[in-house]
1. Across the stretch B:119-132, in residue order, what do the Karplus-derived ³J(HN,Hα) couplings come to in whole Hz, using 6.51 cos²θ - 1.76 cosθ + 1.60 with θ = phi - 60° and x for Gly and Pro?
2. Can you work out ³J(HN,Hα) from phi for every residue in the stretch C:120-128, in order, using Karplus 6.51 cos²θ - 1.76 cosθ + 1.60 and θ = phi - 60°, giving whole Hz and x for Gly and Pro?
3. Considering only C:440, C:453, C:414, whose Cα is most displaced toward the positive end of the charge dipole of the stretch C:399-471, charges sitting on Cβ of Lys, Arg (+1) and Asp, Glu (-1)?
4. Let me confirm one metric for peptide B:21-32, namely the mean number of other chain beta-carbon atoms within 10 Å of its residues' beta-carbons.
5. Going down the list A:195/C:157; C:157/C:325; C:253/C:378; A:183/C:30; C:30/C:240, which pairs span over 18 Å between their C-alpha atoms?
6. For the protein assembly as shown, build the charge dipole from Cβ charges (+1 Lys, Arg; -1 Asp, Glu) around the Cα centre, then report which of C:112, A:239, C:256 sits farthest towards its positive end.
7. Quick check on the exposure proxy: order C:253, C:373, C:99, A:228 from fewest to most C-beta atoms within 10 angstrom.
8. Helix B:2-14 versus the longest principal axis of chain B: what is the Cα-based angle in degrees, 0 to 90, to the nearest 10?
Amino acid sequence: MGQSVSMFVTCMVDQIFPQIGMSMARVLEGLGFHPDFPEAQTCCGQPAFNSGYQDEARAVAVHFLDVFESSEAVVVPSGSCTAMITHHFAELFHDDPANRARVAALAPRVWEFSKFLTEVARVEDVGARLETVAAFHDGCHALRELAIHDAPRRLLARVQGLQLRELEPAGECCGFGGTFSVKFDELSGAMARGKVDAILRSGADTVISLDPSCLMQIQGALSRAGLKVRTLHLAEVLASR
Amino acid sequence: MSREDVLHRVRTALGRDAGQPAPAPPPVRLRIPEVSPEARIASMTARLEALAGRVCRVSTPAAARAAVAEILGDRTAIISNAPYLKECGLSTLPGVRSGIYDRDQLRALCSTLDVGITSADYALADTGTLVLLSSPQEARLISLLPPAHIAVLPCSRLLTGLDELFSSRPDPAAVSSSMVLITGPSRTADIEQILVRGVHGPGQITVILVG
Amino acid sequence: MSRAFQQQIHNTLADARLQEAIYTATGRLKDSRRAVIADSVLPDYQELRTQANLLKQHAIDNLDYYLEQFQGSVEAHGGRVTWCKDGTEVADFVLSLAKQRGARLIVKSKSMTTEEIDLNERLEHHGLESVETDLGEYILQLAHERPYHIVAPALHKTRYDVANILTERLHAPHDTIIENQTALARSVLRQKFLAADIGITGANFLVADSGAIVLVENEGNARLTTSAPKIHIAVAGIEKVIPRAQDLAVFLKLLARSATGQLLSVYTSFLSGPRRPGEIDGPDEFHVVLLDNGRTRLLPNRERRQSLYCIRCGACLNTCPVYRKIGGHSFPWVYSGPIGAIITPQFMGPAHEPGLPFASSLCGACAEVCPVKIDIPKILLDLRSEVHKTEAQAGKNRLEKFVFRAFAWLMRHPRAYEIAGRLAALSSSSGDGGWIRRVPALLNVGPLRAWLSQRDLPPPPARSFRQLWRRR
């Protein structure tokens, strides 16, 4: 192989969870890819977009296009940021044909991490090993906008020592929602605690997700409740040996 | 006038002119599956019984009369003017009031008698539904006011489902002011989601399929 | 966001009994729905959704045409159509009809449209008695409350609440057995049905080619309302019109499944005009009131027009993680849940409750279950933008606007972004690497404080990803 891929690590991974990005790079390298990190990258603009600031989101989106336009493939450790690029950029530029064309050209080359592994790299077993009972949390945008359900589960099924549990109710939001988490703090917190209850019911000691923002919300609530359950990004699990 | 005001607002918002025709609507979507008569009866029975209704199948009109007599026991009843019920000889059952054409008398009887007996224009096998069109033969209140409802109809009126109904009757309004689809006994779950039957309409429903 | 909205949310979250009631009831409805749309029982579910969406789109895009056709068809069957701009006009119409016919008692079956215009209050103000007959609505009318849920109006009431209400309002013996409570309501309401002069209903569908209204219900109260009194008035929003009776084969399959998980509701009534010559019972007069009440304001924008596709099944409420926490009465108007969050600002104007479109994590569960495929999250986003525009004109919320401008600038300037990130990390460093529970008072303001009020904060990493990457 040896195909070059660009990593868009997202602002959250860059600033708060760098180990997720490093793990993703290790997994990609382990599969023979040559990941690069375009230094001018920042954010996809989703925080502004979801808060109703379209102009500001558009400006950031243009910057993203400038940075990644020449990449052969872009891998993103977040379902939510991927959906922003592949689904919502087009809406942002609905009356800007030039940028809309740029989005249409780039979007098919932008991949959420687990989808990249199963559909581009075409692997399920990356040789990972992690002794744990884990629950997988579906991020809403990965699940509903990108229709990612099986890919991460197939990857996790091949992790040695890992026993996967499903959360019930399935597919329910953790309550993060960007600025929603601080505008409606009490409500967002209650939703997070609902998720914590579901995790406890599952008996898992690890919660795995594709989205750093969900993990921040869930870990924040677990930590506040003094629980020992840990959260990991799929990349961190797949990088475990 | 409000009519003109509202229509004007609608047209302005949609960019349409008065009297402008509509483009063709999406094609009608009706899919009628092939289902054998026996399978229809089985489905009708299973669906209605799942809703706590009852289905009895009898082979002849005379057997239908016997079945209704047994179900009624010593309860009083009002029977509709449907010709098929006469064919079955149901109007001569003891304790059954028949031949009512006066609205006030009908209301009074329906409010006091135990059982309403009707026929049905159709039944829908895949949902366990009775279809009743209001007419001089079939009043609305007989299947509604008494605490129990018995419907007697020949198996030949058993359709597969909604699609076949609307295919046979593309415009129910052409023949009646009221077509009602009845799927099981009246029910509510408004308090604590606990199911209670017979809240306003009949709490019991029995369908006699003949043939 | 208004104080009242925040307070309602807070109160609901703090009420453990209510939390349990909402969660259980919506969970049950949600599971029932899922069971009846499963591939094994309804393999063409997605096709039906698409067809329903196309039909609604077509009907709304040509609304004037179908409304006129509907009126012609109703009149051909001897019915009458009255157009009303708002609730006042509806009340005036009903009052004047009641006066002409000497009517005093009205029975009503559940209708969100009449809730929207407070019809009962308006009629009672003029000395008419207007009685709700759906069991849940009847209880709420006795308790002077508005519906908690589009489909299950009294979802928040326990049998003990109901016992208290019946004792207090009807002087009935205190009885907490649900069957007995239902039987009591049945006998009280049966007398009302038989004595009523007018029956008022809503309409689930207006069928343009037939001139019929369609009513979907489980109890039989809508049938009684439309069969016992001599006058029937159906009050319906103009958006309820569909082209053909045959289209009901699509909508009826979706409505009951999405609403309560039934294959069909117990009673589906297809009513066109007064009773015909020879028909023994049924009303002598049949009126349809076509109500605008703000609906035409939603039409100019193609995207937002979708809000009018709603068939009021309530599936979006049951699946919504926000509704399941804050319940129905937290919402500022009669429509609650995701559909309420997009309808209310459009009917009432964004200033009615500016916080409403923001009360969503945009999880998309609503759009996933919507039987007519309304893209609710997209409309919420659009409404958020509109709130900002209105605020900007009024010079409000300038700080937030500034913050997002600064954000956009920073994200286009990678060096500045990196420096800002490092500064933020240094200022909030906790030292031990554990998750942060509290920060110094000086920093504990705004979003940080809001976050920490509920959750811990991740410790800033010693190095950002780009720093680590450079060191490799």
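Throughout, read-outs are computed from the coordinates displayed, never taken from laboratory work. No experiment lies behind these values; they were computed from the predicted model shown. With ideal geometry, Cβ positions are generated from the backbone for all residues, glycine too; neighbour counts draw on all protein chains shown.
1. Here the 3J(HN,Hα) series is 9, 8, 6, 8, 9, 10, 5, 7, 10, x, 10, 9, 10, 10 Hz.
2. Ordered by residue, 3J(HN,Hα) equals 4, 4, 4, 6, 5, 4, 9, x, 8 Hz.
3. C:414
4. 6
5. A:195/C:157; C:253/C:378; A:183/C:30; C:30/C:240
6. Farthest towards the positive pole: A:239.
7. Going from sparsest to densest Cβ surroundings: A:228, C:99, C:373, C:253.
8. Taking Cα atoms only, the helix is inclined about 60 degrees.
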